[in-house]
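Trainee: Supplied in structure tokens, the structure appears directly below.
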Amino acid sequence: LASDAHMNTNAFIRLFSRQMGMGPQEYFTVKRIDKACVMLHSSAAGIKEIAEATGFCDRNHFTRVFRRLRGIPPAAFRNRTY
């Protein structure tokens, strides 16, 4: 991204972090989890398939990251009613 913006990597990360409130890696992780939330509510796909579709290496890693960001595991999130 820094290269595409014709910026030094550190300068890009500083600017991105200042504007978005988090670094690029965390931002994209949050976006992947956001997509997973939509998939958990709108599809019958299994958690393993959702983990793969959102770019996580396996279900366990996906579940750890999901729980860190949402406070509950993906299965519990799927079963919540709104």
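Trainee: Could you tell me how many of the residues in segment 1-16 are open to solvent by less than 60 Å² (accessible area, probe 1.4 Å), out of contact with any Ser or Thr (no Cβ under 9 Å at 6 or more places or on another chain) and not aromatic (Phe, Trp, Tyr)?
Mentor: Going through segment 1-16 one residue at a time, the tally reaches 2.
Trainee: Provide a single number: the residues in segment 31-56 that are more than 17 Å from Pro73 (Cβ to Cβ) and touching a Lys or Arg at 6+ places or on another chain (Cβ under 7 Å).
Mentor: 1
Trainee: Still on this structure: Would you please list the contacts, defined by Cβ atoms under 7 Å and residues six or more apart or on different chains, that run from a residue in segment 42-65 that is hydroxyl-bearing (Ser, Thr, Tyr) to a residue that is surrounded by 12 or more Cβ atoms within 10 Å (Cβ to Cβ)?
Mentor: Thr54/Arg32; Thr54/Lys35; Thr54/Ala36; Thr63/Pro73; Thr63/Pro74
Trainee: Output the number of the condition that Ala2 fails; it satisfies all remaining conditions of (1) in a helix (DSSP H, G or I); (2) more than 11 Å from the chain's Cα centre (by Cα).
Mentor: With respect to (1) in a helix (DSSP H, G or I); (2) more than 11 Å from the chain's Cα centre (by Cα), Ala2 is out only on (1).
Trainee: A further question follows. Considering only residues that are under 27 Å from Ala2 (Cα atoms), assigned to a loop (DSSP other than H, G, I, E, B) and open to solvent by less than 40 Å² (accessible area, probe 1.4 Å), which ones fall in segment 17-72?
Mentor: If the condition is that a residue be under 27 Å from Ala2 (Cα atoms), assigned to a loop (DSSP other than H, G, I, E, B) and open to solvent by less than 40 Å² (accessible area, probe 1.4 Å), then Gly23, Thr54, Phe56 are the ones that fit.
The values are calculated or read from the model by the stated rules, or taken from the named source; none is laboratory data. These numbers were taken from a predicted model, which means no experiment stands behind them. Ideal geometry is used to build each Cβ from the backbone, glycine not excepted, and the neighbour counts take in all protein chains shown. SASA here: full protein model, heavy atoms, side chains in, ligands and nucleic acids out. Shrake-Rupley method; radii C 1.70, N 1.55, O 1.52, S 1.80 Å.
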